[in-house]
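Notes for the one structure printed next.
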Amino acid sequence: MKHIFIALAFAATSFTVLQGQSDLSSLLLSNSWQEMSTNPALQPEGIVVNLPGIYNNLWLTNITFNDLVVEENGTKVLDIGNAIGQMEAQNLLREDFDIETIGLGFHVGRLGLSIGHRLRFNALIDYPKTLAQLIWEGNEQFIGQTIGFSPSFDLTAYHEFAVGASYKIGKNVQIGGKVKLLSGGANLNTERNDLQLTTSDDVYQLTLDADLLVNTAGSLRYDGLRDVGVDFDFGNFSTNDLFGSNTGLAFDLGVAVELGKIHLAVSALDLGAEISWEEEVTNYTLSGQYEFQGLDVAQQLLDDGESFGSVIDSLYNTYEPQESTNSYTTNVGAKYYFSGQYELSEDILIGLIAFTDNYRDVNTTAVAVSGSINFSPLLRIGGFYGLRNERLDNLGVNATLSLGPVHLMAATDNIISAFRPKDAHLANFRIGLNLAFGQEKESADTSNGNRMF
C-alpha cells in the first residue's frame, strides 16, 4: 500500500506540476482573433468579437504515461523504475493554459483598435534524474559520491489585459502593437536551486550543501516539514486579482506584408514581460552545510512507518529554512514568430512557420511547413508538419466553421496525441469562438488565408 502511495505521488508530481508555448496552429486560423494573438498586425477587417475559448499546451521530455504504467500478467501496474530508466540527466515538464474571456477589435479607416482579456497559467519544472533516483531508489547507489539533485521550477498564474492598435501603410504593409497589463494571482519559483548531497562511505553519513531560495506569492503554505501545502488552484481566480499589487507590463509588435501572392508576417510577443510580486510574498531560504544520519528515507517509508516518524523529526530539526517577505520579480519570456504563405490558387495556400522563445534559460524552437484549403464559404481546413522540441512527430490540424457571423475554430499542434495519448510527449489543443461583422464578402469568401487588410 505504501509502495503504491509513493508511486502515485511521484506520478502526480510529474503530470500536475507541469512552457514554450509554440502555438503554431493559431497562425493558420486566418482572419481571427486567435491569429491576431500571434501577430498584432494581422487584425481582421470590420468588427471581431472574441468569445470565451481555451488553449492548452503540455510538453514532457523523455517519459510518457506508458513508461510509468506497464502491463504485468494482464494487469496495469506502476513502474517508476522503468520511467527513471527513460530519463536523461535533465528533464522538462512544461505547461501553458489560457482561458480567453472576451475581446473586441474594430477598424476606423486605416486604424485598427482592439481590447481583450485572458487568464494565463505558465509552468516549467526542470529536474535532474538524480532527484527521481533519490526519491524512489534511495541514495545507496551514490555512496562515496556528491550529486546535485535540486529542480528548478516556475509556476505563474496571472491576468492579461491588452490594448492594441494596427495601421495600414499603403496597400501592402500593416503594422501592429499591443500594450499588456499583467496582474499576478499566484507564483511559486526557485530563484536559487543549488543542492549537493554527499553520501559518505563511513556509516552512510549524509552531507547537504545548500543554496536554495524559493519564492512564493499566494501559493505555498508552510508550517514545518509536517505541514506543507501548495494552494495553486487556477480555477479559483477572480476579478479581484485583475488590479492587485502584483503587476507588470508586456509589449507585442508585429509586421505583415503582402507581395502579390506571397504573404509574410513577423512578430515579437511578451517583450519585457515581467511581474513584480509584492502581495502575499514569502521567501524560504536554505543555505549552508547540514549533516544527517541515515541511509534511505524513501525505503524507511516503504518498510517501517514508525521509524519514518523519527526520520521526519531529524529532517525537521536539521533542514528548517529561514523565512522572509521580500518582494521579487519573475519574467514571462519573449516569443518570436515568422510565417510565410504562397497562394497556389484561390482556395489553396502553402507556407512556412518558424517559432522560438526562451523561458528561464529553456529554449523552445519549432519549424513547420503548412497548408490550408477552403472547401466552401463555410469550412476551411489547414495543417502543418514540422520539427518541434527536437521531435519530428508533430502533425497539426485546424478547422474553421463559419455560420454567418459565427466562426467556430478548433486546432491542435499534434493530432497524433489524440490517437496515442499514452505514448505522447505533447498534448496541445485550442477551441475558439469569434463573431465577425462588417467584412467585405469577397474577403470573407477567401478566408483560406488571404489577409483582409
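The values are calculated or read from the model by the stated rules, or taken from the named source; none is laboratory data. Just so it is clear, the structure is predicted and the values come from calculations on it, not from any experiment. Please note: Cβ atoms are built from the backbone with ideal geometry, for glycine as well, and neighbour counts cover all protein chains shown.
Just a few scattered comments:
- Inspection of segment 266-273 finds no residue satisfying the criterion of being part of a strand (DSSP E or B), on the phi < 0 side of the Ramachandran plot, among the charged types (D, E, K, R) and touching a Lys or Arg at 6+ places or on another chain (Cβ under 8 Å).
- Strands (runs of 3 or more DSSP E) wholly inside segment 390-453 containing at least 2 residues that are within 19 Å of the chain's Cα centre (by Cα) and at pLDDT below 80: 391-403
- So Asn331, is it crowded, with 16+ Cβ neighbours inside 10 Å, more than 30 Å from Ala217 (Cα to Cα) and modelled with pLDDT under 95: no
- For segment 161-179, residues that are crowded, with 23+ Cβ neighbours inside 10 Å and within 27 Å of the chain's Cα centre (by Cα) total 3.
- For segment 29-84, taking the residues that are among the aromatic types (Phe, Trp, Tyr) and assigned to a helix (DSSP H, G or I), the one that is nearest to Ser267 (Cα to Cα) is identified as Trp33.
- Every listed requirement among (1) at pLDDT 55 or above; (2) farther than 26 Å from Thr38 by Cβ is met by Ser238 save one, (1).
- Some residue of segment 241-257 being in a loop (DSSP other than H, G, I, E, B), at pLDDT below 75 and under 20 Å from the mean Cα position of the chain (by Cα): no
- Going through (1) modelled with pLDDT of 90 or more; (2) crowded, with 20+ Cβ neighbours inside 10 Å; (3) within 30 Å of Leu212 (Cβ to Cβ) one by one, Ala132 falls short only on (1).
- All conditions but one from (1) within 30 Å of Pro377 (Cβ to Cβ); (2) in contact with a helix residue (DSSP H, G or I) (Cβ under 6 Å, 6 or more places away or on another chain) apply to Leu51; the one that does not is (2).
- Residue within segment 186-194 that is modelled with pLDDT of 90 or more, under 20 Å from Asp154 (Cβ atoms) and more than 25 Å from the chain's Cα centre (by Cα) present: no
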